[in-house]
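Single-structure report; data block below.
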Amino acid sequence: MSSPGPKIRDYAGLFCAALSTLMFEILLTRIFSVTMWYHFAFMAISIAMFGMTFGAILVYLMPARFTPERRSFQLSAASLAFGGGVILAFLIHLGLPWIFAQGEVMSQGRWLLCVALTFVVTLIPFIFSGIAVTLALTGLPGESGRLYAADLAGAALGCLAVLGLLTVMDGPSAVFAIAAAAALAAVLFAPTGRMRYIAWAGLLLFTGVAACAAAQARAGHPLIQVRWTKSRFESKPLFEKWNSFSRLHIHGDSTMAERAFGWGLSPAYPGGKPVRQVDLNIDAAAATPLTAFDGDIDELEHLKYDVTNMAHGLRKNADVLVVGVGGGRDVLAALAFGQRSVTGVELNGDILKAVNGPFGQFTGHLDRNPQVTLINDEARSWIARSRARFDIIQVSLVDTWAATSAGAFVLSESSLYTVEAWDTFLERLKPGGILTFSRWYFRDRPGEMYRLTSLACESLRRRGVARPREHVMMVRLMGQSGQSDAPDGVGTILVGRDPFSSAEVANLDARAAALGFDVALDPHHVLDTVFASLSAESGYREFLRSYPLDLSAPTDNKPFFFHMLRISKALDRDLWKQGAMSVNLKAVAVLAVLLALVTMLTGLTIVVPLRLASGKPPAGSAPLFAYFTAIGLGFMLLEIAQMQRLNLFLGHPTYALSTVLFTLLLASGAGSWLTSIPAVARRGLICLISLLGVLALTGILTHPIIAALQSRSTPARVGAAMALLAPMGLFLGMAFPLGLKAARGRAPGLSPWLWGVNGAASVCASVLAVVLSMSFGISATYWIGAACYCAAALAFRRALPSAS
């Protein structure tokens with residue numbers, strides 16, 4: 001007698017299990033971005049997928065333990081264990097530094113040990129999630145298409161839910177809320193009896209703690225506070241706010257006035273009136289000062305001595321656009337120089353709310369100044385939409401060291417540092433206008449300033465400028481910080497829409513000499529021959545090919561400005577040296593090691609279970625293995641490629657994450673549900689061939705659609721992205737349940753292992769996608785993903801010759 005099919009509670013339980021799993025995966029990247037450098041935060045994605053894969057393998061290896069009679073109990077227990085494990089892993093992660101620290105800092109060796117232990121601890125809850133999801137998808141009798149649809153729908157909602165959670169509570173409170181969602185899955189799965197009471201107790205406990213913690217955080221007295229960040233102890237904040245893509249931490253003494261300071265402040269500054277400042281740290285990495293201002297311009301005299309503000313000395317009575325308002329320092333600089341108007345565009349709305357809200361009186365309420373307009377938007381798309389023209393566009397030390405909620409490498413590229421972006425910026429300058437960027441300057445090999453020069457010159461060449469050096473000047477200030485963990489200096493590049501005149505060059509040279517700055521590059525003088533080669537009229541391409549670092553101008557197809565280390569030379573330690581701050585180059589080395597590690601683990605995941613179970617694969621399983629490997633690789637390559645493309649289009653990783661994941665997963669859920677219709681299931685091969693056609697069409701249309709709609713409003717761009725992704729997601733969702741049906745007809749006992757193979761391939765592809773994009777471009781990653789589905793279609797035909 002056949003077992004009854006899944007009940008509504010089973011579908012709802014699977015939905016909640018998938019929802020809580022994806023929520024924790026995304027939240028981990030957010031938490032790791034605060035507590036560790038962003039390239040370690042990226043590993044949260046691989047940890048989550050590998051943990052789930054390991055859970056699936058356990059189900060395959062222990063069929064005697066995971067029996068149909070105990071399935072409901074085990075589904076509930078695994079879901080509740082995931083919820084409890086989420087909390088335990090988070091608390092251990094926060095507690096480990098207190099065990100290994102020596103005073104208020106931690107040695108690199110001890111910190112790396114903490115990182116390793118953290119990864120092991122956070123792997124455990126995902127193992128329980130993998131057990132629950134695998135049992136639901138492969139063990140519950142019923143239509144695999146509908147079950148997989150519930151799984152994908154839960155994951156789709158999860159990617160939005162975690163973003164919503166972080167608007168109403170801090171990160172630690174969100175951990176307990178996610179545990180409550182997992183406990184709800186346990187309640188829904190639980191059979192009658194003791195397990196149901198235990199699941200209810202867990203749900204009520206986790207929900208109560210989450211509500212209490214959120215209330216405490218809103219009142220300014222968080223129940224749990226992150227105090228160890230990036231191997232050092234963090235001071236108690238004056239203000240703290242989490243959101244979906246940052247954690248703001250304002251600290252300092254707002255009552256204490258001291259001599260003005262700043263990375264780019266000239267040694268010629270005479271001192272003047274003491275300045276009151278507090279620091280705003282974003283994810284404990286990127287910092288911006290909040291300067292006390294009561295309307296007296298004389299208090300801002302020190303800003304006239306800052307190397308980042310050199311453009312103001314060349315353009316008077318100017319209309320200024322500041323990209324990345326932060327604490328308002330660049331806005332104040334424009335006011336200090338007496339400029340006509342200042343427009344500031346800031347992506348992070350919570351920064352504007354903090355600066356003009358609780359700290360509004362301290363900062364002088366810049367939002368009420370008639371000369372100042374503050375806009376909460378993504379700068380590139382706002383500039384493309386705007387009809388305004390500016391004399392100066394200023395971008396000072398806008399970093400991407402803070403990982404987004406999507407997870408570090410996947411979305412760490414910036415839309416501000418590409419040739420296409422600079423073409424837009426230069427187009428919005430008035431005649432004689434100046435585009436100015438400031439970045440860290442490293443004494444021995446100033447890679448960021450080299451690459452800015454390459455970017456400036458390539459952007460000018462594409463605009464038809466034959467001699468780009470006549471349009472470019474650069475000034476640097478070296479050796480002011482005196483800190484071992486600080487950059488060697490700050491460099492500022494000035495790019496003119498028109499050639500700089502001899503009088504302007506002389507003006508800059510004289511001003512730099514008076515302030516103690518070095519002129520690194522102008523039309524007549526060069527401090528470093530690399531700058532000369534990059535700005536030359538010819539021969540620059542040969543130079544770029546021969547230079548050890550990748551200094552080529554980033555484009556929208558390869559937008560990785562901060563990652564100059566080629567993958568082929570990732571382990572060459574001599575190339576990591578960028579003064580004291582070589583984090584971005586080391587990140588590429590971490591990526592290379594991670595790719596080798598996940599490739600090895602993927603192989604072990606595939607081979608070891610078979611050896612333990614039967615010693616060799618069952619007859620006829622090779623096409624199924626090839627099929628599930630191909631769709632695991634292909635789905636992740638396509639997903640990450642589209643996420644990277646749309647990050648630049650939508651303007652921020654948060655928008656890209658929520659749009660791509662939500663649309664793809666929801667549409668895939670709909671496609672999976674369609675396979676439960678017999679007429680669709682019988683035409684599996686036709687569905688896969690149709691998928692190939694949709695992928696080809698999407699790949700061809702994505703670039704022109706992005707180019708045509710770049711200047712549209714954010715809602716319009718989000719809508720266009722969803723319309724582009726939905727057909728692709730619909731057909732992608734059919735692939736897994738079609739393969740599962742084929743596996744049940746050919747080798748029923750292999751389903752959990754094939755689920756694990758699919759997960760292992762996805763783990764590998766999550767890293768491989770980034771390597772491919774950085775090496776060959778985002779488009780190459782997309783088409784390789786599409787090629788994987790071609791291979792999958794061929795394997796499907798072999799596995800089920802009559803599938804069509």
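The values are calculated or read from the model by the stated rules, or taken from the named source; none is laboratory data. Because the structure is a prediction, the values reported are computed rather than measured. Don't worry about glycine lacking a Cβ; one is built from the backbone with ideal geometry, like all the others, and counts go over all protein chains shown. Remember, those area values only see protein heavy atoms, side chains included, never the ligands or the DNA or RNA. Shrake-Rupley method; radii C 1.70, N 1.55, O 1.52, S 1.80 Å.
Structure notes:
- Summed over qualifying helices (DSSP H, 4 residues or more, each -39500 (n - 2.57)) and divided by its residue number, the chain shows a 222 nm mean residue ellipticity of -19000 deg cm²/dmol.
- Each eigenvalue of the Cα gyration tensor of region 703-761, multiplied by 5 and square-rooted, gives one semi-axis; in descending order these are 38, 11, 8 Å.
- Crossing angle, helix 778-799 versus the chain [Cα axis fit, 0-90 degrees, rounded to tens]: 10 degrees
- At q = 0.05 Å⁻¹ the log10 of I(q)/I(0) for the chain amounts to -0.28, computed by Debye summation with a single uniform scatterer per C-alpha, solvent ignored.
- Spatial separation of Cα centroids for region 323-383 and region 18-89, in angstrom: 42 Å
- The chain, relative contact order in percent, only Cα pairs under 8 angstrom and at least six apart counted: 15 percent
- Helix 622-650 and the long axis of the chain differ in direction by around 30°, with both axes built from C-alpha atoms.
- Descending semi-axes in whole angstrom, ellipsoid equivalent of region 163-231, from the Cα gyration tensor: 28, 12, 11
- In this label model, I92 and R461 are separated by 5.3 nm, measuring between points 7 Å along each Cα→Cβ vector.
- In region 448-561, the C-alpha radius of gyration followed by the widest Cα-Cα span (Dmax) gives 14.7, 43 angstrom.
- Over region 274-426, volume per residue of the alpha carbon convex hull, in Å³: 121 Å³
- Here the spin labels are modelled as points 7 Å beyond Cα on the Cα-Cβ line, and at T529 and R443 they lie 2.2 nm apart.
- Kirkwood Rh, angstrom, region 84-197 [1 / mean 1/r, Cα pairs]: 16.7 Å
- Ligands, DNA and RNA left out, the 1.4 Å accessible surface of the chain is 61% carbon and sulfur atoms.
- In this structure, the pairs whose alpha-carbon distance is over 29 Å, taken from K273/K430; K273/K316; K304/K353, are K273/K430.
- Here is the size of region 193-316 from its Cα atoms: Rg then Dmax, 22.1, 78 Å.
- In this structure region 147-278 gives 41 Å² per residue of accessible area when probed at 1.4 Å with all protein chains present.
- Based on Cα atoms of region 636-749, Rg over Rh with Rh as the Kirkwood radius reads 1.05.
- As a rough guide to protection, the peptides 389-395, 171-177 ranked by mean Cβ packing within 10 Å, highest first, stand as 171-177, 389-395.
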